[in-house]
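The values are calculated or read from the model by the stated rules, or taken from the named source; none is laboratory data. As the structure is a computational prediction, the values presented were derived from the model and not from experiment. Cβ: placed from backbone, ideal geometry, glycine included. Neighbour counts: every protein chain shown. Just the protein is used for accessible areas: all its heavy atoms, side chains included, with ligands, DNA and RNA removed. Shrake-Rupley method; radii C 1.70, N 1.55, O 1.52, S 1.80 Å.
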Amino acid sequence: MKRIYFGDNLQVMSERDSERVDIICTDPPFNSGVYYNVFLPNSKAQVTAFKDIWIWDDAAIENRDYVRNQAERYGCYPEAYQNLERCLQGYDFVLDNAATGWQGATRAYMAFMGPRIVEMHRLLKPTGSIYLHCDATMSHYLKVMMDAVFGQANFHNEIIWSYRRWSGKSKRYQRMHDCILFYTKGADYTWNEPMEPKAESSPKYRQYKVIDAETGQMQNRIDTSTVVDTTRMRDVWELSRMGPASKERLGYPTQKPRKLYERMIHASSNEEDIVLDPFCGCGTTLDAAEALNRQWSGIDITIFALEPVQRRLLEQHQLRPGRDYEIFGYPTNLQEAKKLSRDHKRPHDFERWAVTRLGLEPTPASGDRGIDGVLPTLKWDPRKMEQAPVNVVAQVKSNGYSVSAIRDFRTAMRDKNADIGVFIALDGGNPTPRMREQQEAEGTIEHNGKQYYRLQFWSVDDEYFNNPESVNRSVQLPWRIEPAYKLDRGF
């Protein structure tokens, strides 16, 4: 079982059977108050991958209502939700029921994390473990919540990941560590004793005690035939962060080194065990799990996690989607495409999904003057006897075609100096005669001796999902569009 789910991890986890996961290693948002950006593939453009900024808003209130409703329903893991509800009520009191400032942000963050921690507890096997990665901003709040859900008796370590990095000047000690909270679901859990090199000052040989036959006193003995170079691992891990030149770096915000997660997975699981990361991001946990011969599942809500995860699994382990693992949560039929286009929790994801079907890159901000996807490529200019740039752009509309929208798109094409523009409509049907008139008015462009319409149309419809190759009949670009592998339904 190797799977990647895209969507709200609370929904994904709540649909899975209980007690199926051996270990959870996850790196959720930290309530850092930061927008995290990611570089687009083969581009210097940045887009916001996700925001770690929390406010007490309707979404936070919905999370609290969800916890309260789950706590009051019997037969739906009520005890854990009841414990969580009491914990959140305590935080309401401590944070003065604030709806603004850092107190309001903290209440919103804890309302978000709470039900997800309960679902992680439900999914773990009785012998399972969880490693929750956080920092000093929220670690103490999360520790109390984890105690409420998992039980304080099942807390084992606050692991300190110590590292060095460049730091600016400020009137405080340099912040150069993260916290990892290690809990288990019960007292009987999987444990493979991790070891580390002994300190230079530690004894080199094995020591033992014996009773002297003459004096009857206990004496120390040293076995010089046995060299002791390792000792049980401490809860302070000194591992380097990834530098800018690291081969492991994917350009994804908050990426952590694989070695850090290999250490957790090795200690608390065995080969073929199931590893889950509900905030998988660019796939560090999945990469580490595959390297250690575990089964794995990852969940993430942002489309920009898909490309680095796929690239990482291919380059590191030669794994391909559809053949070696499954991807769920992106449209596999027209109904799911329409659902994604209406999902307010994933704004612009349908537009981003659609333009990537053509091999284009999503723009840094969807709705950027009507342009949702771009890709500069090259063509041969026979007059200058050199390569010349070809600028391809796209716009996506989920409400079908309209002549006025196409007219506006032509204006945006000229503003962007686009050579080719593709107007993408969700279930738009065939282009009308008036749309063809607009296409003819835009004319054509020559590339390698072939003429291409400057204005083209593509309808995301049933035909595409039944035969992804059909996109090459609707759209002709200076490259062949590689159809996406057709996946099974996700849910």
How far apart, in nm, are two points set 7 Å out from the Cα along the Cα-to-Cβ line at Lys259 and at Glu19?
-> 3.8 nm
At q = 0.20, 0.26, 0.32, 0.35 1/Å the base-10 log of I(q)/I(0) from the Debye formula over the alpha-carbon atoms of the stretch 397-438 is -0.62, -0.98, -1.21, -1.27
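Hey, what's the Kirkwood Rh for the stretch 72-183 if you take every pair of different alpha carbons, in angstrom? Could the numbers behind the result be given before it?
Values: mean 1/r = 0.0642 Å⁻¹.
It works out to 15.6 Å.
How much length would be gained if the chain were fully extended between Trp479 and Arg414, taking 0.36 nm per residue of separation minus their Cα-Cα distance, in nm to one decimal?
Values: separation 65, 0.36 × 65 = 23.40 nm, distance 2.20 nm.
Gain on stretching Trp479 to Arg414: 21.2 nm.
Rounding to the nearest 20 debye, state how big the charge dipole of the stretch 54-132 is about its Cα centre with +1 on each Lys and Arg Cβ and -1 on each Asp and Glu Cβ.
On the way: 8 positive and 10 negative charges, 70 e Å.
My answer is approximately 340 debye.
Compute the length gained on full extension between Asn97 and Arg221: take 0.36 nm times their separation in residues and subtract their Cα-Cα distance, giving the result in nm to one decimal. Spell out each step's value before the answer.
Values: separation 124, 0.36 × 124 = 44.64 nm, distance 6.30 nm.
Difference between extended and current length: 38.3 nm.
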So how far apart, in nm, are the two label points at Arg311 and Arg323 if each is 7 Å from Cα heading toward Cβ?
-> 2.0 nm
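What trypsin sites (Lys or Arg not before Pro) in the stretch 127-169 are in a loop by DSSP, with at most 11 other Cβ atoms within 10 Å of the Cβ? It would help to have the intermediate numbers written out before the result.
Numbers: sites: Lys143, Arg164, Arg165, Lys169; in loops: Arg164, Arg165, Lys169.
Filter output for the stretch 127-169: Arg164, Arg165, Lys169.
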Starting from the Cα of Arg172, step 7 Å along the direction of its Cβ; do the same at Ala441; then give the gap between the two resulting points in nm.
-> 5.9 nm
Solvent accessible area, Å² - Val236, 1.4 Å probe, full protein context = 50 Å²
